[in-house]
Amino acid sequence: MDNRQAIGSWLSGPRAAMEDAGADFGYRGRQLGLPEDGPNSLARPGRRLGALAVDWALCVLIAYGLITHGKGHDTSNWTLLVFFVLSVLTVGTLGSTPGKRLFGIRVVALRTGTVQPARALLRTVLLCLAVPALIWDRDGRGLHDRLAQTVEVRV
């Protein structure tokens, strides 16, 4: 094995190394019973991050313009609070935030297909802590989604 091959496997991660060794993980979302592509397939990380960026920007505008009136010291704290309220209300009732709607994503419960307000509250609390959202499983779901038994799918 030359150095380029060793570096490539290291950069690709353990999943790619296992797949090169012959392990078959299937596609992301297969274990959850989701299709590989199209509607109701697992939302990819790029879409989810884009939706989060849109939602966060919207919350910054609301906090900066309506609550702190341009005084930047408290804007970040108010932004997190506005994001929390926005996420709980919109995911708990509509299944998606404005950013998720723009990127064609919705949050569904694995068993029922709709997100109840209590499940949306748990998911949002864990999302606001940030660390659970950074820990992903083999299907690409964050720990906040696993604990709330939800998944983000394409519309």
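Spot the failing condition for G70; the list is (1) in a helix (DSSP H, G or I); (2) free of Cβ contacts under 8 Å to residues at least 12 places away in the same chain, and only one is missed.
Only one criterion in (1) in a helix (DSSP H, G or I); (2) free of Cβ contacts under 8 Å to residues at least 12 places away in the same chain is unmet by G70, namely (1).
Does the stretch 120-136 contain any residue that is out of contact with any strand residue (DSSP E or B) (no Cβ under 8 Å at 6 or more places or on another chain), touching a residue at least 60 places away in the same chain (Cβ under 8 Å), over 12 Å from Q149 (Cβ atoms) and part of a loop (DSSP other than H, G, I, E, B)?
No: the stretch 120-136 contains no residue that is out of contact with any strand residue (DSSP E or B) (no Cβ under 8 Å at 6 or more places or on another chain), touching a residue at least 60 places away in the same chain (Cβ under 8 Å), over 12 Å from Q149 (Cβ atoms) and part of a loop (DSSP other than H, G, I, E, B).
Which residues, counting only those in the stretch 97-119, are outside any helix (DSSP H, G or I) and either in contact (Cβ under 8 Å) with a residue 24 or more places away in the chain or in contact with an Asp or Glu (Cβ under 6 Å, 6 or more places away or on another chain) (or both)?
First pass over the stretch 97-119, keeping only residues outside any helix (DSSP H, G or I): 97, 103-116.
The answer is T97, F103, G104, I105, R106, V107, V108, A109, L110, R111, V115, Q116.
Read the figures in this text as sums done on the coordinates, not as results from a lab. If you're wondering where the values come from, they're calculated on a predicted model, not measured in any experiment. For neighbour counting, all protein chains shown are included, and Cβ atoms are generated from backbone atoms with ideal geometry for every residue, glycine included.
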